[in-house]
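Chemist: Attaching a single structure in structure tokens format; questions to follow.
Derivation of every value follows stated rules applied to the coordinates shown; laboratory data play no part. These figures come from a predicted structure and were not determined experimentally. Positions of Cβ are backbone-derived with ideal geometry, glycine not excepted, and every protein chain shown enters the neighbour counts.
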Amino acid sequence: MVFSETQGRRTIEKPGPFDESDHDVFEVLKPASINNGALQVTPDSGGEFDLSKKSGRIMLKESFKLHDKGARVASFNTSFFINIQNHFSTSSHGEGMAFVIAPDLVLPPGSEGQYLGLTNATTDGNATNRLVAIEFDTFKQDFDPDDNHIGLNINSVKSELNVSLSDSGIQLVPEVAKNFTIWIQYDGLNKILQVFMVGEDNPEPAEQRPNDPVMIADLDIAKYVNERSYFGFAASTGSAIELHCVLGWNLTLEGPPEDEGLVIEAKIALGVGVAFLVILLAGWWIQRTLYKKYKTANDPTIRGTLQSLPGTPREFRYRDLKVATDNFNEKNKLGQGGFGVVYKGVLSKESLQIAVKRFSRDNVKSKDDFLAELTIINRLRHKHLVKLLGWCYKNGKLLLVYEYMPNGSLDAHIFCGAEKETLRWDLRYQIISGVASALHYVHNEYEQKLEGVPGTLGYIAPECLHTGKATRESDIYGFGAVVLEVVCGQRPWTKIGGFCFLVDWVWSLHRDGRILEAVDERLRGDYVAEEAERLLLLGLACSHPNASERPKTQAVLQIASGLLPVPYVPPFRPAFVWPSAGAVEENIDSEYTDDLTVTILH
């Protein structure tokens, strides 16, 4: 079982099989059980008498916040892999199972038969049930359309909406046992619920969701369920029996945002609480900072180190760069990254346009960054890497001078606004191929290794926050972010489709079989679909949260060029696990590991 949480998003993944350790996560309400690798929502063994007229529930023990008194409503996506089996291969079977959102972890007594483990003869229809369910009904009652349908149930087993599955060619209990992959998606903003379903003859869940739902309904879920509710499964048998097995389950919840008023109050309280401490520390900090700046500005070792580097290019005077950039005027700003800001400049005496990078971190670490970048970039020679012209160090200020690219930055062409023509698809494809080539050169044809964690939010691999070092694998992660940015025309940290990051949105489209919808709409369909799909999948493969699962640089170059197929990309974005699988294998004997990992993503 894998848990992850980030930016109000909660994900629970268990592809199966289930085992006894999952009792820590699930409330198993007997006679339900966890057995034979599955959640057995009704009994899975015994004589025919023992299996009849039973009901059970298996629920996640943790409750989830679904709304704020109805004002703001959560969205959720869930997919599960089930099997409803006619155990004795008789013509009579029943009753069915349901995916349920319930107010508590209690199995109603007398909920066997037609009540599907949801309600009973006394409580059915009561608004106090605070329950919503999607039923998969296999036994016809007087109020049912047939014995092979799904329904939306609100506080009752008499569905608000019924849809026969026979019209879709789906038989819930076929003569030969079949597994079903089911997707349920609820949009809390638009109050729409959709159910998708596909039958499988193989033991693995379907990777692609069908385009068309088998059921769609308007549903304001906040009217019917508690603010905090529980997710799980319920099922029942009657005189006729069947087995109800859940073989795998994924649930992603986009919770309602935190109350801004409460957040503001907390910030104010925190500010008052620390104000006195800040005042006491202010004098000490100012004195210490001024001393460090004085020491750095007069550090003779930096210039000596720079002048002694082999092949070091030209040293520029600070005043010349200051004049060239109009005193580092904001209007000349070309971009900003993890180390500093880049400005456009003109050396008037030489009629030379330049790009000046001014390092922003005024400390010892900044000097290390500066020296590392200068040493390495100066020795790189590749047509897709900008040429370094020189350096400057004055009064503690660190600057690098690069050749100016008159066509502008990639940002300027992709995020150009509606008034300008966007970058054509063929140029985007060439850019990605060029970046892949340059990355391959840095990794495989240049001998020196660069460590440290430069970069900008959205491009930095998650493991770097733990290791403090850049690696080839983290470079691949950054490349994946660039690929998605170029193809989608969106920045990596863009909030889109209910997600906080571009990669999560693209992954959700991949899960739904709609990945081409991620292509920049400003292209108006003028792109090569096969190339776009390959690059989007490559971007996701490179964005795998776990470093060991990302493709190698050589493979990336060949995939981008179409010489290799894209590696398998799972339909759900895996949770980040630290230490990585490789690290665990090196340090922990396998007999002490299990499949329960709790991960918090920041």
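Chemist: Can you flag which of K61/K178; K30/K69; K344/K397 are past 23 Å Cα-Cα?
Modeler: From K61/K178; K30/K69; K344/K397, over 23 Å: K61/K178; K30/K69.
Chemist: What full-extension length gain, to one decimal in nm, is calculated for R522 and K397 as 0.36 nm per residue of separation minus the Cα-Cα distance?
Modeler: 40.9 nm
Chemist: In addition: Can you sort Y402, Y318 from fewest to most other Cβ atoms within 10 Å of each residue's own Cβ?
Modeler: By the 10 Å Cβ count, ascending: Y318, Y402.
Chemist: Moving on. ³J(HN,Hα) across region 176-190 via Karplus (A = 6.51, B = -1.76, C = 1.60, θ = phi - 60°), whole Hz, x for Gly/Pro?
Modeler: Rounded to whole hertz, the list is 9, 3, 9, 8, 10, 9, 10, 10, 10, 10, 10, 9, x, 6, 9.
Chemist: Which whole-Hz couplings ³J(HN,Hα) result when phi for each residue of region 550-564 is put into the Karplus expression 6.51 cos²θ - 1.76 cosθ + 1.60, θ = phi - 60°, listed in order with x for Gly and Pro?
Modeler: Once rounded to whole Hz, the list reads 7, x, 7, 4, 4, 5, 4, 4, 6, 5, 4, 8, x, 8, 10.
Chemist: In whole percent, what relative contact order does region 8-257 give with Cα contacts below 8 Å and a gap of six or more residues?
Modeler: So the answer I get is 36 percent.
Chemist: So, one more: Hey, can you grab everything whose amide H is under 5 Å from the amide H of V157? Only 5+ residues off in sequence or another chain; H modelled, so Pro and N-termini drop out.
Modeler: Distant-sequence amide H within range of V157: G125.
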